[in-house]
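The values are calculated or read from the model by the stated rules, or taken from the named source; none is laboratory data. Predicted model only: the values in this text are computed from it and were never measured. Cβ sites come from the backbone with ideal geometry, for glycine too, and all protein chains shown count toward neighbours.
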Amino acid sequence: MSSIPSKYAATPTARWMPTRNVMALAAVSFLTDASSEIIAPLLPLFLVGTLGATVSMVGVIEGSAEAVASLLKLASGWWSDRVSRRKPLIVAGYAMASLVRPLVAIAQTATQVLAIRLVDRVGKGLRGAPRDALLAASTPPEFRGRAFGFHRAADHAGAMVGPLIALACLQWLGMPVRHVFWVAAIPGALAVMVAIAFVREQRVPPVAAPIVAAPIVTAPIVAAPIVAAPTTPAVTAGPGAALPRSFWLTMLPILVFTLGNSTDAFLLLRASQLGVPTALIPLVWVLLHLVKSASSTPAGALSDRVGRRPLIVAGWVLYAAVYAGFSLAADAWHAWALFGVYGVVFGLTEGAEKALVADLVPARRRGTAFGWYQATVGVAALPASIAFGVVWDRYGSPAAFAMGAALAVGAAVIMSLVVLTPPEA
C-alpha cells in the first residue's frame, strides 16, 4: 500500500528541529486547549445534569458548533490564499474564541450554551485553515509529518493540563462548576498574546486571477498568444478551483469516517454510564490527551518514513475496535482502558491526515485545501452527532457505538483503494 509522497521522505541522517512558527503555534495551541479543556469534560454533564438537556441536544450543540467552524475554515483558508496573509486570521480567531468561551459560566439554558459554542467555533473556523497552511509553509516537506505531529502533541498536552486545572479547582479549591468555567479565560488570554508576539507571516505568492486590465506592450510578438504562465495557475472560480483530483478523492473516505466520528462528549457520557464518578471524569479526559500527546509526534515522524495512508488506515481500524469496545463495555475500568487506546487513534491519524493534505496540494492552494478538509470534517460532524444522539436515545448507547465502528471500517476500505498522486506544481 503505497503512499504520498515518496520523494519527500527524510534521509536517515536528517535531523528535524521545529522552526519558530512551529514552536509559536504549538505554544498557542497548548494554551488554547488548556483553556478549552477546562470546560470540555464538564460540559456534557453540565448540560444534562444541571441544565436538563437530552443526549440528542448535546449532539446538536456539539455538531452544530463544529459545522459552523468548518464552513468558516473553508472561507478563511481560501481568503488567506488570495491575500497571502495568514496571521491576521489566526490572531482574530484565537481572540474571538478566548473572549466568549468562559461565558458558559453564566448560561441558564442549553440554547444559550449553543449560542456561546457557535461563537467559540466561529473563532476556530477563522484560524484553523490559515494556521495549518502556515505550519506547512514553515516546515521542509520531508518533515511535515513531524511538524504536524508536534503541533498536535502540544495541542493535546494543553488538553491534558486543562482538565487537571478543572479537577484542582473542583476538588482542592471547592469551586462550583460555573466558577471553574471562568478560570478558562486565563490561558485563553495568554494564547492570544503569544500569537500576536511570536507568530510570523510566511509569505507565498498570492493566488489570484491574472491581471488583464492593461496589456503588456513591451513583450515580444510571438505566433501563438500566451494564455497563462505555466508556473502560476489562475484561480478563476471560488474556493474549489484548481485543487487536484487526488485531493478530492481523499476527501471521500474522510467524509465517510467523519459520519461515524461523533463528538467525544458521548464518550464522557458513556464513561459516566459505565460507573466512572463525575469527579473523575476530568481524569479520564487527561488520560485520553496524555496518550494523544505522547503518540502524535512519533506517529507523525513514522508517516514521514512509511507514508501517510498506512497510519490513517490503521488509525481508523483501531477507532472501529474502540467503538466496538464501548458498545460491549460493562464496567468502569473498561472505560478507562478504552479511553487510553482511543488516544492512539488520534496520534496515528491527525498529523498524517494534515500532512497528506499538504502533500497533495501546491503551496499556494494549501489554505483552500485545508479549508475544504476541515469543512468536510466539521460539516459531517453535525449529522454524525445528531444521528449518534438519536440512536442512543432510541436504541441505547451500544447501538450508537456499533454504528460508528461500522462507518470507520468502511472508510478504511475506501482509503485503501484511493489512488494518490503528488501535485504537478
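Overview of results
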quantity	calculated
Condition met for A375 (under 16 Å from H151 (Cα atoms) and small (G, A, S))	no
Residue within the range 57-72 that is in a helix (DSSP H, G or I) and without any contact (Cβ under 8 Å) to a residue 24 or more places away in the chain present	no
The lone exception for A400 - which of (1) over 17 Å from E62 (Cβ atoms); (2) modelled with pLDDT of 85 or more it fails	(1)
Matching residues, the range 303-329, being modelled with pLDDT under 90 and touching a helix residue (DSSP H, G or I) at 6+ places or on another chain (Cβ under 8 Å)	S303, D304, G307, R308
Residue check for G123: of a type outside the set (D, E) and on the phi > 0 side of the Ramachandran plot	no
The range 162-187, residues that are of a type in the set (A, V, I, L, M) and either in contact with a strand residue (DSSP E or B) (Cβ under 6 Å, 6 or more places away or on another chain) or within 10 Å of S35 (Cβ to Cβ) (or both)	I165, V183, A184, A185, I186
In the range 380-415, the residues that are buried (at least 18 other Cβ atoms within 10 Å of the Cβ) and without any contact (Cβ under 8 Å) to a residue 24 or more places away in the chain	V391
Residue in the range 287-301 that is farther than 30 Å from S138 by Cβ and either part of a helix (DSSP H, G or I) or in contact (Cβ under 8 Å) with a residue 40 or more places away in the chain (or both) present	yes
Only one of P163, P141 that is surrounded by fewer than 24 Cβ atoms within 10 Å (Cβ to Cβ) and within 24 Å of A294 (Cα to Cα)	P141
Residue that is surrounded by the most Cβ atoms within 10 Å (Cβ to Cβ) [pool: residues in the range 166-188 that are part of a helix (DSSP H, G or I), small (G, A, S) and in contact with a helix residue (DSSP H, G or I) (Cβ under 6 Å, 6 or more places away or on another chain)]	A166
Test: residue in the range 362-381 that is modelled with pLDDT of 85 or more and closer than 18 Å to L311 by Cα	yes
Residue match in the range 294-308 (condition: closer than 28 Å to L45 by Cα, out of contact with any Phe, Trp or Tyr (no Cβ under 9 Å at 6 or more places or on another chain) and surrounded by fewer than 23 Cβ atoms within 10 Å (Cβ to Cβ))	yes
Residue among R146, R152 that alone is surrounded by 24 or more Cβ atoms within 10 Å (Cβ to Cβ), more than 15 Å from the chain's Cα centre (by Cα) and under 23 Å from L302 (Cα atoms)	R146
Some residue of the range 292-307 being more than 23 Å from F148 (Cβ to Cβ) and either aromatic (F, W, Y) or out of contact with any strand residue (DSSP E or B) (no Cβ under 6 Å at 6 or more places or on another chain) (or both)	no
Odd one out for V235 among (1) closer than 18 Å to R82 by Cβ; (2) at pLDDT 55 or above	(2)
Criterion (at pLDDT below 85 and assigned to a helix (DSSP H, G or I)) met by exactly one of G158, G145, G162, G93	G145
